Amino acid sequence: MTRRFLCLTTCLFLLFLLPVYAQQPQPPSNGTFTTHIGDRLVMTESYRVTSRPDGSMPAEAELMPAGAGPKQKFVTLALKTRPESFSVDVGGVKALEGKFGNGVVKLNAAGQPEREVRTKATMVLENLVWHQFIFLLGQYDHAQGGRQNFTAFLPSQGVEYPISLEYVSAQTYTLKNRATMVATRRYKMVAAGALVLDL
């Protein structure tokens with residue numbers, strides 16, 4: 001696993017109110033994530049996820065770096081427990097795209113010949129693209145519980161990596177000065193056998 005991957009994803013974050021894989025279509029979900037390193041804002045992500053009658057799940061997100069830097073757009077399509085495709089635009093230009101099938105992903109990067117990478121990935125998880133965690137959380141079997149193992153694909157590096165996920169607890173919070181209750185689930189995730197995240 002690359003040092004870049006380990007550095008970019010070492011942060012604590014909460015994910016809630018996101019759709020999970022289901023047999024019936026779910027209403028669209030959208031929202032915003034912000035990424036901070038210390039007190040400094042480094043990225044704002046606006047996302048939208050929908051669920052289609054055939055079980056496919058298109059997800060789109062626009063990422064805006066704080067300060068200088070081009071806007072990025074990520075589009076991911078999954079069908080139940082397998083990725084179908086992804087694309088990355090940087091500054092309005094297609095930078096990378098991939099299509100999954102028959103145990104390989106065909107990668108097309110700008111200015112490079114197409115290449116194929118063998119993979120058993122069941123999801124796409126890119127650095128700092130937080131909404132893509134729906135593809136991991138949606139595959140966790142709560143009836144089975146305990147620690148469960150998965151394989152993710154990292155588009156920017158063109159590699160797969162192992163992930164373990166374990167349900168820890170559930171807690172309900174009352175928002176300050178409001179009567180609104182927010183139910184959350186807490187998970188422990190380990191990526192590439194080294195990076196631990198608290199979700």
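Annotations for the structure displayed:
- Residues (in a strand (DSSP E or B) and over 22 Å from residue 139 (Cα atoms)) located in the range 161-181: 172, 173, 174, 181
- Inter-residue pairs, beta-carbon under 7 Å, first free of Cβ contacts under 8 Å to residues at least 12 places away in the same chain and more than 10 Å from residue 100 (Cα to Cα) and in the range 110-129, second of a type in the set (A, V, I, L, M) and part of a strand (DSSP E or B), 6+ apart: 114/107
- Meets criteria (within 28 Å of residue 187 (Cβ to Cβ) and not small (Gly, Ala, Ser)) for residue 83: yes
- Of all residues in the range 159-191, those that are closer than 21 Å to residue 104 by Cβ and surrounded by 16 or more Cβ atoms within 10 Å (Cβ to Cβ) total 4.
- Scanning the range 76-106 for residues that are under 19 Å from residue 50 (Cβ atoms), among the small types (Gly, Ala, Ser) and exposed (fewer than 14 other Cβ atoms within 10 Å of the Cβ) turns up nothing.
- Total residues in the range 122-138, condition touching a Pro at 6+ places or on another chain (Cβ under 8 Å) and either at positive phi or crowded, with 22+ Cβ neighbours inside 10 Å (or both): 5
- Among the candidates 153, 133, residue that is closer than 23 Å to residue 60 by Cβ and modelled with pLDDT of 95 or more: 153
The values are calculated or read from the model by the stated rules, or taken from the named source; none is laboratory data. If you're wondering where the values come from, they're calculated on a predicted model, not measured in any experiment. Quick reminder, even Gly has a Cβ in these numbers, built from the backbone with ideal geometry, and neighbours come from all protein chains shown.
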